[in-house]
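Following: one structure in structure tokens, then a few remarks.
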Amino acid sequence: MSAPRATWRPTPWLTGGLAIALAAGALPLVPLAVSAARDVPALAVELASPRAAVLLLHTILLAGLVALISGVIGTGLGVLIGKTDLPLRMPLAGVLTFPLFLPPYVLALGWFSVLGSDGLLAAALGPGAAFRFFFGLGGAVLVLTTAYTPIAAHLVRIALRSIDPTLEEAARLSFRWPRVVWRIDLPLVRPAVGLAILLAFILVVGELGVPAYVRYPVFSTEVFTQFAAFLNIRAAVAMSLPLALLVLAGLGVERYLLRDRVRFSSAARAITTATIPLGTWRAPAGALAWAYAGITVILPLVGLVVRAGGGATYAAALAGAGASLIRTVWMAAAAATTMVILGLLVGYLVERHRRSRHDALDTLLLLLFAAPGTVLGVGLILFWNRPGLAWVYGSALIIVVGWIGHFTPLAARVAGIGLGSLAPGVEEAARLAGVRWERVLFRVLVPLCRPALAGAWFLAFVFCLRDLDLAVTIYPPGAETLPVRVYTLMANSSEAVTAALSLVMVGLTAVVLVGAWIGLAALRAGSRAWG
Amino acid sequence: MGLIRLEGVHFRYPRAPVLDDLSLDVRAGAVTVLVGASGSGKSTVLRLIAGFEPPARGRVVIGEETVSRDGRVLIPPEARGVSLVFQDLALWPHLTARETLELVLSREVPREERRRRTEEALAAVGLEGHAEARPASLSGGERQRVALARAIVTRPRILLMDEPLANLDPPLRRALIEEIRQLQRRLTLTILYVTHNHEETFGLGDHAAVLRAGRVEQVGPPRELYERPRSAFVASFLGRCALVPARARDGGLESALGALPLPRPDPAGRSELLAVVRPEDVVVGDDGPLSGKVERAMCLGSAFEVELAGPGWRLWALAPAEPVPGSVLRFAIRRVVTVPASDP
């Protein structure tokens, strides 16, 4: 009997996908490291300067405060939304989440139109009511806390829904709900809270737009300033190093303290979790939560609307946006589509690989996602700015490549969750029957993971849409994205036009999110029909 | 009157009714075993008694107090004096055995008393050496004991147990059945124990209630249910048996097997019956008056369970040696009981 022909050959596909993802994201970091290694004494001088110490203090202070405050507020909101019968809690979750999908500096503009010297508050209560500390640490903490609180709220909400209901029931036989939450639920969701705090810390460390707007110097603003304003590559590289180290430290905490401790179960199980009746506290708690959402999310947007004024401003804003609006949409769509394909292959590799390699690859991917956009941007320019590569470096393609490198790990993670939820048997049965791996991928895995893949696409799309840090560092003339356009208009256009264009951006994001919500609901309904 | 009473209880989950006019009395100081097929509503009965759900209609009474009624939980779970050992144990992964027990003791219990009772409960289940262990570092049997200790440390009026031994290997299950039995006697606990395992039903139960499609089909001591089932469902649920159609006539039974002794007249005077023939009541031997063809034989270890068939009947017998399939075996029927041919 002749040996059967091997049909299970995923390796070329998987390594190909991984190679492209790493080429886009990790290769640009190589010239950055080489450049740093070649000039160690000069970099040491830069890093030992008093200026670097101040930047380090500012960066850690800002990231630490935002991470802690958003962790505390987000945990409270997560418990209220995830466990209680708070009125209209799912719409509340939607409202609170919205800022996460906007470029944080748009929120800063909104807050300024409320708290600034000629903002809503000053108009209502007099000039003395303006928030004097908006420009500085106070404003940065306020804006970024608003932006990143949803991370903790959602991670806690999902983690609470993943708790085995019998763990709570066992406690409910002995004591009341508040003690059940305090002694059972909160300790069990502690890893999720830790992860949320860490994610917020890493994201704030790399944040450029808000610190730049409120004039609070941190490492990322310094990298951008040295690179874009002074064309001082050496200083930019030097200031990138502490940023990269801070992100690495954060990742180290994630890998060694939180690894394997954050577990989210499937939605099927979550249906059975008990809801805490708030009783007489329902109305006050609902009012408080909605007041928080109103003040932190709706009020800044109202501030922008007021500042933008009438329709003429919007017309001027759209004229000012030029082609950047359409360009941003197609660039983000192209990048997101590529990311989902690569993310599926890389997610498969991570999900199905042996433990040790899985960890190394997962850490590398997480590093690419966590790398500050400004740092990745400097690396991309050092890598692609070469003779013969102007078709990449001098076009919108450089931004698309950057996004693919930066955000593919996110798509891979979401695709991996979808793949991980499938029983290994669905593949093994096809393999035993001699079906080729590619066919199994397209006929079995992709259809079964449709909701996860669609979710990955929308997430990747929105992250591209909101990106400022990477795009503003690398955009070539004539290829600026909408966030970059808004950011540059802030310096040389009226506040009304900037506010109007920010609202265009808010509207675009809202349309995408509503589309995603409807699309995902339809896909999930389709999947449920399979039983 | 029972310590727990469910009166005319109805309950449904969104897609299906679970309990349908169920009434049940659970006696104080005894073990009542609730048996029934998957989906018959056994665990739901425990959840109603614990107070996690209210009955849609009907009421649940503990002692003299109505604790739930017509869609409302009147007394919350924590005030009912009830403990529950969950099927998956529901041990809190972040707490040690000692912390688990101290947590469930009310804060009103003084610290010293809490410590003493924790030690007592750990000792009662033989876990003195594992007080500082978390669930992840305990074996299956030890976790079971922690769950049991958590349930008894509060000195509950009622202990509910939801298939707590379902995931254990047979020797450990047997050992724990004996331990639970001893613990119940020592503490005079009232236990309502859900299972579909025969060993637990007969080894633990002072009483058993057989549930079928959300109703109690029969209640009584397990042995009585086994020997005098009121329906074909109860007869076949509590052990392997053949149900042979039979007609009562002139103080005896006419069946496809021939004439069989009628143990007692049908209380409702029905003549169309089913003769329940259990394997242990079929005596295989060359001098038996009946014969049947061997369809198949399955080794049970100590004996072979043989499926025999003849015209219009099929039954199981226990044989000391493995018969050849297709051969003819002679046998006698020592005893039968009858149940109505159709559901009452």
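The values are calculated or read from the model by the stated rules, or taken from the named source; none is laboratory data. Please read all numbers here as calculations on a predicted model, not as lab measurements. FYI the Cβ positions are ideal-geometry reconstructions off the backbone, even for glycines, and counts take in every protein chain you see. These accessible areas exclude ligands, DNA and RNA; they are computed on the full protein's heavy atoms, side chains included. Shrake-Rupley method; radii C 1.70, N 1.55, O 1.52, S 1.80 Å.
Students often check this: by mean Cβ neighbours within 10 Å, which of A:40-49, B:164-173 ranks highest, and how do the rest follow?
Descending packing order for the listed peptides: B:164-173, A:40-49.
How far apart, in nanometres, would the label points at B:Ala136 and A:Leu125 be if each is projected 7 angstrom from Cα along the Cα-to-Cβ direction?
The two pseudo-label positions are separated by 4.8 nm.
Could you tell me what percent of the DSSP beta bridges with both partners in the protein assembly as shown are antiparallel, to the nearest 5?
Counting only bridges with both partners in the protein assembly as shown, antiparallel ones make up about 75 percent.
Roughly speaking, what is the centre-to-centre gap between segment B:303-339 and segment B:227-260 when only Cα atoms are used, to the nearest Å?
15 Å
For chain B, with the dipole built from +1 on Lys and Arg beta-carbon atoms and -1 on Asp and Glu ones, taken about the Cα centre, which of B:Leu24, B:Ala79, B:Val244 lies farthest toward the positive end?
Towards the positive end, the residue furthest out is B:Ala79.
Specify whether the C-alpha gyration tensor of segment A:156-196 places it in the rounded, prolate or oblate class, a ≥ b ≥ c being the square roots of the eigenvalues: rounded for a/c under 1.5, otherwise prolate if a/b is larger than b/c and oblate if not.
prolate
To the nearest whole percent, what portion of all C-alpha pairs in segment B:90-142 is separated by more than 16 angstrom?
Above the 16 Å cut-off, segment B:90-142 has 38 percent of its Cα pairs.
Can you classify the protein assembly as shown as rounded, prolate or oblate using the Cα gyration tensor, where a ≥ b ≥ c are the square roots of its eigenvalues, rounded means a/c under 1.5, and otherwise it's prolate if a/b beats b/c and oblate if not?
Prolate.
How large, in percent, is the carbon and sulfur part of the accessible surface of segment A:53-118 at a probe radius of 1.4 Å?
Using a 1.4 Å probe with all protein chains present, segment A:53-118 comes out at 84 percent carbon and sulfur.
Once you average over the residues of A:159-170, how many Cβ atoms of partner chains fall within 10 Å of each Cβ?
Mean number of neighbouring Cβ atoms from other chains: 4.
Arrange the peptides A:325-337, B:79-91, A:383-395 so that the one whose residues have, on average, the most other Cβ atoms within 10 Å appears first.
B:79-91, A:325-337, A:383-395
Once a ≥ b ≥ c are taken as the square roots of the eigenvalues of the Cα gyration tensor of segment B:36-158, is the result rounded (a/c under 1.5), prolate (a/b larger than b/c) or oblate (a/b not larger than b/c)?
oblate
Find the centroid of the Cα atoms in segment A:61-111 and in segment B:150-219, then give the distance between the two in whole Å.
47 Å
Mind checking B:150-158 for the average number of partner chain beta-carbons within 10 Å of each residue's beta-carbon?
1
What size of dipole, in debye to the nearest 20, comes out for segment A:119-185 about its Cα centre when the only charges are +1 on Lys and Arg C-beta atoms and -1 on Asp and Glu C-beta atoms?
Charge dipole, segment A:119-185, about its Cα centre: 140 debye, nearest 20.
Run lengths n ≥ 4 of DSSP H only: what is the helix-derived mean residue ellipticity at 222 nm for chain B, with -39500 (n - 2.57) per run over all residues, to the nearest 500?
Theoretical 222 nm ellipticity from helices: -7000 deg cm²/dmol.
Dipole of chain A, Cα-centred, from +1 at each Lys and Arg C-beta and -1 at each Asp and Glu C-beta, to the nearest 20 debye?
For this selection, approximately 1280 debye.
Any idea how far the Cα center of segment A:439-502 sits from the one of segment B:110-128, in Å?
Result: 60 Å between the Cα centres.
In debye, nearest 20, what is the charge dipole magnitude of chain B about its Cα centre with +1 on Lys and Arg Cβ and -1 on Asp and Glu Cβ, if you could check?
Rounded to the nearest 20 debye, it is 580 debye.
Taking a probe of 1.4 Å and counting only protein heavy atoms, give the total accessible area buried between chains A and B in Å², rounded to the nearest 100.
For chain A against chain B, roughly 1800 Å² becomes buried.
Go ahead and estimate [θ] at 222 nm for chain A from helices alone: -39,500 (n - 2.57) per DSSP H run with n ≥ 4, summed, over the residue count, rounded to 500.
For chain A, the value works out to -23000 deg cm²/dmol.
What figure in square angstrom, to the nearest 10, would you give for the accessible area of A:Leu186 with a 1.4 Å probe?
Only protein atoms counted, so the area is about 40 Å².
Picking from A:Ala192, A:Leu448, A:Ala67, whose Cα lies most toward the positive end of the charge dipole for chain A (charges on Cβ: Lys, Arg +1; Asp, Glu -1)?
So the residue furthest toward the plus end is A:Leu448.
Provide the packing ranking of A:236-245, B:27-36, i.e. peptides ordered by the mean count of other C-beta atoms within 10 Å per residue, highest first.
A:236-245, B:27-36
Per-residue Cβ counts within 10 Å, from other chains only, averaged over A:93-104: what number is that?
The shielding value for this peptide is 0.
Choose one of B:Leu3, B:Val328, B:Val306: the residue whose Cα lies farthest towards the positive end of the charge dipole of chain B (beta-carbon charges +1 Lys, Arg; -1 Asp, Glu; about the Cα centre).
Of the listed residues, the answer is B:Leu3.
Per residue, how many Å² of accessible area does segment A:322-422 show with a 1.4 Å probe?
Computed with neighbouring chains in place, this is 37 Å² per residue.
Debye sum, Cα scatterers, segment A:372-531, no solvent: what log₁₀ I/I(0) at q = 0.08, 0.16, 0.20 1/Å?
For the requested q values the scattering log ratios are -0.36, -0.99, -1.20.
Using the Karplus equation 6.51 cos²θ - 1.76 cosθ + 1.60 (θ = phi - 60°), what ³J(HN,Hα) coupling, rounded to whole Hz, does each residue of segment A:181-193 give in order, writing x for Gly and Pro?
Working through the residues one at a time gives 5, 5, 8, 10, 5, 4, x, 6, 9, 3, x, 5, 5 Hz.
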